[in-house]
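Novice: Quick one: structure below, then a few questions.
The values are calculated or read from the model by the stated rules, or taken from the named source; none is laboratory data. Since this is a predicted model, take the numbers as computed values, not measurements. Cβ: placed from backbone, ideal geometry, glycine included. Neighbour counts: every protein chain shown. Note: areas computed on protein heavy atoms with side chains; ligands, DNA, RNA excluded. Shrake-Rupley method; radii C 1.70, N 1.55, O 1.52, S 1.80 Å.
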Amino acid sequence: LLKDGDRIAQRIIKGAASQLADTIYDAADGLEMREDKYALVGTGGIIRYSDLYWEHLCSRVHEFAPLFRPVRSDLPAVVGVVLSGFQDIPDINYRQVKARLFKTTRELLKTKTS
């Protein structure tokens, strides 16, 4: 049974997710990528820890970009930035670099929180 405060909080969370979905729509539409396959990578606290937010966001994005594949990341967003830089380096084993980057980052995060 939800209390009134819970309903208000849920409305706020869903509203925030809808606003982000609107921004994603604008970007995807402007770049003409709504019909393409892309990973929709979510990072950050609200995405990592709020199923309500993430599920609402994915549902809204699926309405206009049905081929986007939601991926919830437990790694800091900067890892994606670093990884994208490796894509342009010639003669690199991208899959191997990606696996090592993810593994090393997770190990560093474990030691930081221990």
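Novice: Over the Cα atoms of the chain, what Rg and Dmax result, in angstrom?
Specialist: Gyration radius and largest Cα-Cα distance of the chain: 17.1, 58 Å.
Novice: Before I look further, what does region 48-114 give for accessible area per residue, probe 1.4 Å, in whole square angstrom?
Specialist: Normalised by residue count, the accessible surface of region 48-114 is 75 Å².
Novice: Then there's this: Could you report the accessible area of residue 98 in Å², rounded to 10, computed with a 1.4 Å probe on the protein chains as they sit in the structure?
Specialist: In the full protein context, residue 98 sits at about 80 Å².
Novice: Here's a follow-up. Of the heavy-atom accessible surface of the chain (probe 1.4 angstrom), what whole percent is carbon and sulfur?
Specialist: Carbon-and-sulfur percentage of accessible area, whole number: 55.
Novice: Let me ask another. If amide hydrogens are placed 1.01 Å from N in the peptide plane, which non-local residues have theirs closer than 5 Å to the one on residue 41?
Specialist: Residues meeting the amide H criterion: 71.
Novice: Additional query: Please enumerate, by chain and number, the aspartates and glutamates with C-alpha under 17 Å from the C-alpha of residue 37, excluding those fewer than 8 residues away in the same chain.
Specialist: Within the straight-line cut-off, residue 37 pairs with 26, 29, 63.
Novice: Just to be sure I understand the model, the point goes 7 Å from the Cα along the line to the Cβ. What's the resulting residue 104 to residue 25 distance in nm?
Specialist: Result for the modelled spin labels: 4.1 nm.
Novice: Could you work out the relative contact order of the chain, using alpha carbon pairs under 8 angstrom and six or more residues apart, expressed as a whole percent?
Specialist: 25 percent
Novice: How much mean residue ellipticity at 222 nm does the chain get from its helices, if each DSSP H run of length 4 or more adds -39500 (n - 2.57) and you divide by all residues, to the nearest 500 deg cm²/dmol?
Specialist: Here the helix-only value at 222 nm equals -22000 deg cm²/dmol.
Novice: What does the net charge come to around residue 64 if you take all other residues with beta carbon closer than 11 Å to its beta carbon, with K and R at +1 and D and E at -1?
Specialist: Within the 11 Å Cβ shell, the charges total -3.
Novice: Go through 8-17, 48-57, 76-85 and give me the packing order, highest mean Cβ count within 10 Å leading.
Specialist: Final packing ranking: 48-57, 8-17, 76-85.
Novice: Using only C-alpha atoms and all pairs of different ones, pull out the Kirkwood radius for region 51-114 in Å with one decimal.
Specialist: 14.1 Å
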